[in-house]
Amino acid sequence: MTLLTFRFAPSPNGELHLGHAYSALLNQRMAAQAGGRLLLRIEDIDVLRCTPEFEAGIFRDLEWLGLNWEQPVRRQSEHFAEYRAVLDRLIAEELVYPAFMSRGEIRAFIAETGGRDWPRDPDGVPLYPPLDKHLPARERKRRIADNMPFAWRLDVEAAMARFAAGLSWAEFIDETMSATRTVAARPQDWGDVIVARRDIPTSYHLAVVVDDALQDISHVVRGLDLYSATGVQRLLQQLLGLSPPRYFHHRLILGPDGRKLSKSFKDTGLAALRDAGVPARDVRHLLELD
């Protein structure tokens, strides 16, 4: 019998906060209840923002919480060659294209053509304009040869055309895993998302589907802020012939002002709570996971 496999996958680009603690402990509890495995993955493809100091802090925080995981720990930065091979496959199948527009150029184009009516993704970001998708091959090669900055974007329209019947994923209704529902995937809501950059042969979306498949992840337990992004990942899984895991998107831990906790806003980190002498059991009680 194949064991169910869960994973907690933080990025070492800041300190963990209570939201991360909830996700990590919930993964551990669900894995234990299912008699399954828990893996730890370090998602450090952002080589500029991710640091060894933040990674060391992740291990200290998780050990303090009482989290246990199987070895070895997978670090995405050690597997760029694997992501490159997958990216090359998408390039060969003409499912991605080099996108050269800067943020300023995107804003200017939208202001001149669509203005406030320009479509936006679920996060409120304007969709990428279609200009680069239709560039002649000769012009693309010239720009790349001239070292123009670019990112590889998924041609979502071309990708979706391969699956006339549509896409969906299995979502658990609650953490007991006793019932599921089928959710229609809408990757088109995100437009032509970035799947890799010129200097880093992957993105979050591409790396996460490759890693989940290679690590035989059966159940992805993560926050509701990633719910809509699942549609993009299902599309990539389908294009690459990867079996999708089942998903459970849990509630978010909010701050006193009602917003989601964030590293970028320097919300109270687990390290600060630990240094203040707060027992880990109090954190688990606060999160209703004791």
Which of (1) closer than 30 Å to Leu127 by Cα; (2) touching a Leu at 6+ places or on another chain (Cβ under 9 Å) does Arg198 not meet, given it meets every other one?
(2)
Would you mind finding the one in Arg37, Arg7, Arg49 that is of a type in the set (D, E, K, R), within 21 Å of Asp211 (Cα to Cα) and buried (at least 20 other Cβ atoms within 10 Å of the Cβ)?
Arg7
Within the range 135-154, residues being in a helix (DSSP H, G or I) and either more than 29 Å from Gln238 (Cβ to Cβ) or in contact with a strand residue (DSSP E or B) (Cβ under 9 Å, 6 or more places away or on another chain) (or both) number 8
Does the range 179-196 contain any residue that is more than 29 Å from His250 (Cα to Cα) and touching a residue at least 40 places away in the same chain (Cβ under 8 Å)?
no
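Which of the residues belonging to the range 164-199 are within 21 Å of Lys133 (Cα to Cα) and either outside any loop (DSSP other than H, G, I, E, B) or at pLDDT 95 or above (or both)? Quick ask: steps written out before the conclusion?
Kept after step one, since they are within 21 Å of Lys133 (Cα to Cα), are these residues of the range 164-199: 186-199.
Matches in the range 164-199: Arg186, Pro187, Gln188, Asp189, Trp190, Gly191, Asp192, Val193, Ile194, Val195, Ala196, Arg197.
Scan the range 225-259 residue by residue and report those that are outside any helix (DSSP H, G or I) and hydroxyl-bearing (Ser, Thr, Tyr). First the steps, then the outcome.
Looking only at the range 225-259, we keep the residues that are outside any helix (DSSP H, G or I), and these are 227-229, 241-259.
Selection gives Tyr227, Ser228, Ser243, Tyr247.
For the condition closer than 30 Å to Gly277 by Cα and modelled with pLDDT under 95, what is the one hit in Gly66, Gly114, Gly14?
Values: Gly66 fails: modelled with pLDDT under 95; Gly114 fails: closer than 30 Å to Gly277 by Cα.
The match here is Gly14.
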Do you know which residues across the range 206-224 are assigned to a helix (DSSP H, G or I), surrounded by fewer than 20 Cβ atoms within 10 Å (Cβ to Cβ) and touching a strand residue (DSSP E or B) at 6+ places or on another chain (Cβ under 7 Å)?
Leu224
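To keep it simple, each residue is scored yes or no on (1) modelled with pLDDT of 95 or more; (2) surrounded by fewer than 14 Cβ atoms within 10 Å (Cβ to Cβ); (3) of a type in the set (A, V, I, L, M, F, W, C).
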| residue | (1), (2), (3) |
| --- | --- |
| His79 | yes, no, no |
| Tyr83 | yes, no, no |
| Ala92 | yes, yes, yes |
| Met101 | yes, no, yes |
| Arg107 | no, yes, no |
| Pro129 | yes, no, no |
| Arg142 | yes, yes, no |
Within the set of pairs 6+ apart or on separate chains, which have a first residue in the range 214-238 that is within 16 Å of Ile173 (Cα to Cα), a second that is charged (D, E, K, R) and surrounded by fewer than 21 Cβ atoms within 10 Å (Cβ to Cβ), and C-beta atoms under 6 Å apart?
His219/Arg246
Name the residues in the range 94-117 that are under 20 Å from Arg140 (Cβ atoms) and among the acidic types (Asp, Glu), would you?
Glu94, Glu105
Leu67 being crowded, with 17+ Cβ neighbours inside 10 Å, assigned by TED's automatic domain parsing to the domain that holds Tyr227 and among the aliphatic types (A, V, I, L, M):
no
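Out of curiosity, is Arg234 basic (Lys, Arg), surrounded by fewer than 20 Cβ atoms within 10 Å (Cβ to Cβ) and either outside the structural domain of Leu287 (by TED's automatic domain parsing) or over 22 Å from Trp69 (Cβ atoms) (or both)? Break it down into steps so the answer makes sense when it comes.
Working: basic (Lys, Arg): yes; surrounded by fewer than 20 Cβ atoms within 10 Å (Cβ to Cβ): no; either outside the structural domain of Leu287 (by TED's automatic domain parsing) or over 22 Å from Trp69 (Cβ atoms) (or both): yes.
Against the criterion (basic (Lys, Arg), surrounded by fewer than 20 Cβ atoms within 10 Å (Cβ to Cβ) and either outside the structural domain of Leu287 (by TED's automatic domain parsing) or over 22 Å from Trp69 (Cβ atoms) (or both)), Arg234 does not qualify.
The values are calculated or read from the model by the stated rules, or taken from the named source; none is laboratory data. Computed from a predicted structure; not experimentally measured. All Cβ positions, glycine included, derive from the backbone under ideal geometry; neighbour counts span all protein chains shown.
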